[in-house]
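Here the structure comes first, spelled out in C-alpha cells, and everything after it is commentary.
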Ligand code: PGA
C-alpha cells in the first residue's frame, strides 16, 4: 500500500451466501469491529441482501455494493438488474468482471466494458476484476491477459471517471483455493496493471488508482500482501463471511 498516493480499500465479496437474517447478524457483528478503520470498508452482497445491508450499515463506515449489474437501463432482460436500480436503492459499489461471472456465466471483456459504462453512468463505483487462469500463468502470458482485460474494460472510461474505479487483480487459480499468490507475485502483477493504466492515461492517474489483490486473502496472510507497494487493499471472498477474519484484514490495511 502507498496511502500517500491512493486509498486502501478492503471489500468483501459474499458471492451467493447469506440469507437476510444471516446478513443482518454478520453486519451487526462486523460493524463495531471495523468502526475505527483507516481504509475503505465495503461489503458486496447478493441482490436479495442489499436492502438489509443498506439498513444495517446506516451510520457506520461500511459501504455496500452489488456483485454485478446489467448494461441496459431497463428492458427485456429477464433475471437481470440494472445499475440504475442499484443506485436508486442507495447502493454505492458494484463488482464487475469477477472471474466466476467470466467462467460460469459467459462474461467477456466486451460485456465487462458495457457493464462498467452503465455502472459509471449510474454513479456507482466499480470494483473491476481482472486475472489470469493457471494455464495462462504457466504459459507465461499473465501480463498479456490482465493487460488486455484492463484495456478493454476501461475502453471509453475518461480520466476523471477513474476516480470511480477500483481495480482488483484476482488470479483465478488463487480464488477459493486456499492457494494465495505470493506477496511478490501479487505486487508484480498489480504493478504491471498500474503501468497499463499509466499507458492509457498518465502516471498521475496510475499512481492514484486503488489496485486490490484478491484470491484467498485471509487474516493470516493479509499483512504481508498489503505491505507490498502496489497492493492497495483486497477483495475478500471466503474470509469476508466471518466477521473476526474480515475485521483482521481491515486492521492489517489500517496500519
Ligand atoms: P476468496 O475469493 O477470497 O474466497 O479466494 C476472492 C474473490 O473471489 O473475490
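The values are calculated or read from the model by the stated rules, or taken from the named source; none is laboratory data. Source: prediction; values computed, not measured. When we count neighbours, we look across all protein chains shown, and the Cβ atoms used for this are built from the backbone with ideal geometry, even at glycine.
Worth a mention:
- Residue in the stretch 47-60 that is farther than 21 Å from residue 154 by Cβ and in contact (Cβ under 8 Å) with a residue 60 or more places away in the chain present: no
- The condition of being in a loop (DSSP other than H, G, I, E, B) and more than 28 Å from residue 253 (Cα to Cα) holds for residue 72.
- Checked against (1) at pLDDT 95 or above; (2) within 16 Å of residue 166 (Cα to Cα); (3) away from the ligand (no atom under 14 Å from the Cβ), residue 1 passes all but a single condition, namely (1).
- Only residues that are in a loop (DSSP other than H, G, I, E, B) and within 16 Å of the ligand (Cβ to nearest atom) were counted across the stretch 40-59, and they come to 2.
- Subset of the stretch 127-139 that is within 16 Å of the ligand (Cβ to nearest atom), free of Cβ contacts under 8 Å to residues at least 60 places away in the same chain and not in a helix (DSSP H, G or I) - its residue that is surrounded by the fewest Cβ atoms within 10 Å (Cβ to Cβ): 133
- Of the set (1) more than 30 Å from residue 28 (Cα to Cα); (2) touching a residue at least 12 places away in the same chain (Cβ under 8 Å), all apply to residue 144 but (2).
- The stretch 4-39 - residue that is under 13 Å from residue 253 (Cα atoms) and within 16 Å of the ligand (Cβ to nearest atom) and, of those, surrounded by the most Cβ atoms within 10 Å (Cβ to Cβ): 10
- Count of the stretch 56-68 residues which are touching a helix residue (DSSP H, G or I) at 6+ places or on another chain (Cβ under 8 Å), surrounded by fewer than 21 Cβ atoms within 10 Å (Cβ to Cβ) and over 19 Å from residue 166 (Cβ atoms): 1
- Close pairs (7 angstrom Cβ cut-off, 6 or more residues apart or separate chains): without any contact (Cβ under 8 Å) to a residue 40 or more places away in the chain in the stretch 1-22, surrounded by fewer than 16 Cβ atoms within 10 Å (Cβ to Cβ) anywhere: 20/48
- Of the residues in the stretch 79-102, at least one is assigned to a loop (DSSP other than H, G, I, E, B) and within 16 Å of the ligand (Cβ to nearest atom).
- Selection status of residue 73, exposed (fewer than 15 other Cβ atoms within 10 Å of the Cβ), more than 24 Å from residue 237 (Cβ to Cβ) and in contact with a helix residue (DSSP H, G or I) (Cβ under 6 Å, 6 or more places away or on another chain): yes
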